[in-house]
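The values are calculated or read from the model by the stated rules, or taken from the named source; none is laboratory data. Quick caveat: nothing in here was measured; it's all calculated off a predicted structure. FYI the Cβ positions are ideal-geometry reconstructions off the backbone, even for glycines, and counts take in every protein chain you see. For the accessible areas, the whole protein counts, side chains as well, though only heavy atoms, and no ligand, DNA or RNA atoms are used. Shrake-Rupley method; radii C 1.70, N 1.55, O 1.52, S 1.80 Å.
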Amino acid sequence: MINQDYDLIVIGSGPGGYTAAIRASQLGYKTAIIEKYNNLGGTCTNVGCIPAKALLDSSEHYHDAETRFANFGIQVKGLSLDVKQFFGRKSEVVSQNVAGINFLMKKNKIAVIYGTARFLSNDRIAVKGADGSEQEYQSKYTIIATGSKPISLPNAAIDKKRIISSTEALSLNEIPATMSVIGGGVIGVEMASVYARLGTKVTIIEYAANLVPTMDKELTTELKKILTKSGIDILLSQRVDSAVSDGKKVTVKYTGADQKQQEITTDYCMVAVGRKPYTDGLGLENTSIQQDDRGRIVTDATFRTTAPDVYAIGDVIKGPMLAHKAEDEAIAAVEGIHGHPHHINYDRIPGVVYSWPEVASVGLTEEQLKEQGIPYNKGKFPFSASGRGRAAGDTSGFAKVLSDPKYGEVLGVHIIGARAADLIAQAVTIMEYEITDLASSTISYAHPTYAEALKEAFLAASGRGALNM
């Protein structure tokens, strides 16, 4: 049976998918969303951003109670970790967010179809339910928002028992004595932070010469110092040769620049070497949709694929795999379908590492400016000189501004410090609306705040003073 009642169908209910569905409904389109799992929200809500941040916050509270509270005159006796509640709270947070998405679907009269979607042609979709039954759907427009999945190394295959991905690391329900992490990107650093704070001896093994290699090198160098001080061993410029589990332990063999192979044996090994577009079983071969050499769906500037009236957004297309990037693309795609296209400036999409202190970045890095031969001024201000930082005991890190020497245009902002994830929004606004470094420093900032570090960095970049490092 073919159901032709929908104007627009979204495949995938992650941040990009549910945002697209909501906006389409608001614009008057009769909309349906298809989700293969039992819960809406995709990776971000269920096994990604939200649960990871819940564990990061919980582990930071425990770590503070254990190591920092005494400095504030707060004595904690008999401190212990309720492992069941630790992971249970994470699940509660996920459930609350899923419930919120369900509410939004009902509020906006969006039909939710549970099952696995598969294209039969450019304009026909079959959805196979949990009971094996199949229903066909047609709509005028389709948006693919199926997201991504973790990459598994051929010599370190994920078994979901001892060799795990971030998905399993979110629900271990125990605090292991030791853990190795293959990959020092955002996911690897965040999950390493969670377990290290709880007492696990963590070792990060990274192929590149820096942690989070896409970020400004000064940021990641500072991050390495802070993480090392917290007890995490960080091995850079190391090629992983193999990871083998005996059912109780995992032995990872790796080789450095000296070509000498070494090994480490830990209770668990988490593989966090990146993600790839998730299009398995989507039936793209039955359509005229094209993919590039990395499996990403090819789209134009309006997110239209090579199939008529089929669009794609989020992790499944080119660009950084970020929830907020998918949300922005969702709005742009639907607005474009509705006849009001708008441009997304990908240089204004911030990246964040939710360690503590947090790391956040937007725009060009200092390395990129040097490579492109672009002249720049640099202003830095340390959180150790921040009144708010001292009061809160958060003095690690700095704010760094890179700007054009002639016109004062802000080219990049890079922060490692308390609440960097929130502070970066100000930098995005300043860059989006082309406010100069000097103008950014002359507006009023509340005192004392962490944001004042940004003010001083803007002022330093403008050449008008401030405390430089």
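Structural remarks
- Unique residue being open to solvent by 30 Å² or more (accessible area, probe 1.4 Å), in contact (Cβ under 8 Å) with a residue 60 or more places away in the chain and under 26 Å from the mean Cα position of the chain (by Cα) when the list is GLU367, GLU329: GLU367
- The condition of being touching an Asp or Glu at 6+ places or on another chain (Cβ under 8 Å) and over 30 Å from THR306 (Cβ atoms) holds for only one of VAL127, VAL83, that being VAL83.
- Filter result for GLU60 (surrounded by fewer than 18 Cβ atoms within 10 Å (Cβ to Cβ), in contact with a Phe, Trp or Tyr (Cβ under 9 Å, 6 or more places away or on another chain) and not aromatic (Phe, Trp, Tyr)): yes
- The set of residues from the stretch 51-77 being under 28 Å from ALA169 (Cα atoms), touching a residue at least 60 places away in the same chain (Cβ under 8 Å) and more than 22 Å from the chain's Cα centre (by Cα) comprises TYR62, HIS63, ARG68.
So that you can scan it fast, the table gives a plain yes or no per residue for (1) in a helix (DSSP H, G or I); (2) closer than 30 Å to ALA272 by Cβ:
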| position | (1), (2) |
| --- | --- |
| ALA20 | yes, yes |
| ALA24 | yes, no |
| ALA52 | yes, yes |
| LEU79 | no, yes |
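- Applying the condition of being touching a residue at least 40 places away in the same chain (Cβ under 8 Å) and farther than 19 Å from GLY339 by Cβ to the stretch 297-317 and asking which residue is surrounded by the most Cβ atoms within 10 Å (Cβ to Cβ) yields GLY314.
- Residues satisfying the stated conditions in the stretch 451-469, i.e. at pLDDT 95 or above, assigned to a loop (DSSP other than H, G, I, E, B) and surrounded by fewer than 22 Cβ atoms within 10 Å (Cβ to Cβ): ALA451
- The C-beta contact set for the stretch 388-401 (first residue open to solvent by less than 20 Å² (accessible area, probe 1.4 Å), second residue of a type in the set (Lys, Arg), distance under 8 angstrom, 6+ apart or interchain) comprises PHE398/LYS380; ALA399/LYS380; LYS400/LYS378; LYS400/LYS380; VAL401/LYS378; VAL401/LYS380.
- Of ALA169, ALA177, all but one fail to be closer than 12 Å to TYR268 by Cα, crowded, with 20+ Cβ neighbours inside 10 Å and of a type outside the set (S, T, N, Q); the exception is ALA169.
- Candidates are the residues of the stretch 416-437 that are touching a Lys or Arg at 6+ places or on another chain (Cβ under 7 Å) and not acidic (Asp, Glu); the one that is most open to solvent (accessible area, probe 1.4 Å) is VAL428.
- Residue in the stretch 339-353 that is among the hydroxyl-bearing types (Ser, Thr, Tyr), in contact with a Gly (Cβ under 8 Å, 6 or more places away or on another chain) and at pLDDT 95 or above present: yes
- Residue satisfying all of: in the stretch 243-272; among the aliphatic types (A, V, I, L, M) and over 20 Å from GLY314 (Cβ atoms); surrounded by the fewest Cβ atoms within 10 Å (Cβ to Cβ) among these: ALA257
- Among the residues of the stretch 133-143, none qualifies, meaning not one is of a type in the set (D, E, K, R), touching a Lys or Arg at 6+ places or on another chain (Cβ under 9 Å), open to solvent by 10 Å² or more (accessible area, probe 1.4 Å) and under 19 Å from VAL94 (Cβ atoms).
- Tabulated pairs, the stretch 108-136, first closer than 25 Å to ILE22 by Cβ and of a type in the set (S, T, N, Q), second at pLDDT 95 or above and open to solvent by 60 Å² or more (accessible area, probe 1.4 Å), C-beta under 8 angstrom, 6+ apart or interchain: ASN108/GLN26; THR116/LYS36; THR116/LYS128
- Residue in the stretch 214-241 that is farthest from VAL273 (Cα to Cα), counting only those that are in a helix (DSSP H, G or I) and either open to solvent by 50 Å² or more (accessible area, probe 1.4 Å) or touching a Lys or Arg at 6+ places or on another chain (Cβ under 7 Å) (or both): LYS229
- Residue tally, condition assigned to a helix (DSSP H, G or I) and either surrounded by 20 or more Cβ atoms within 10 Å (Cβ to Cβ) or touching a residue at least 60 places away in the same chain (Cβ under 8 Å) (or both), over the stretch 438-450: 2
- Residues that are within 18 Å of LYS276 (Cα to Cα), among the hydrophobic types (A, V, I, L, M, F, W, C) and not in a strand (DSSP E or B), drawn from the stretch 159-188: VAL186, ILE187
- Residue count for the stretch 64-116 satisfying the condition of being over 30 Å from THR146 (Cα atoms), open to solvent by 30 Å² or more (accessible area, probe 1.4 Å) and not small (Gly, Ala, Ser): 16.
- Residue that is surrounded by the most Cβ atoms within 10 Å (Cβ to Cβ), among those in the stretch 33-48 that are within 10 Å of VAL94 (Cα to Cα) and of a type in the set (A, V, I, L, M, F, W, C): CYS44
- Residue match in the stretch 47-56 (condition: touching a Lys or Arg at 6+ places or on another chain (Cβ under 6 Å) and closer than 30 Å to ILE143 by Cβ): yes
- Of all residues in the stretch 131-156, those that are under 25 Å from the mean Cα position of the chain (by Cα) and outside any strand (DSSP E or B) total 6.
- If the condition is being on the phi < 0 side of the Ramachandran plot, in a loop (DSSP other than H, G, I, E, B) and either surrounded by 19 or more Cβ atoms within 10 Å (Cβ to Cβ) or of a type outside the set (Lys, Arg) (or both), then the stretch 402-415 contributes ASP404, PRO405, TYR407.
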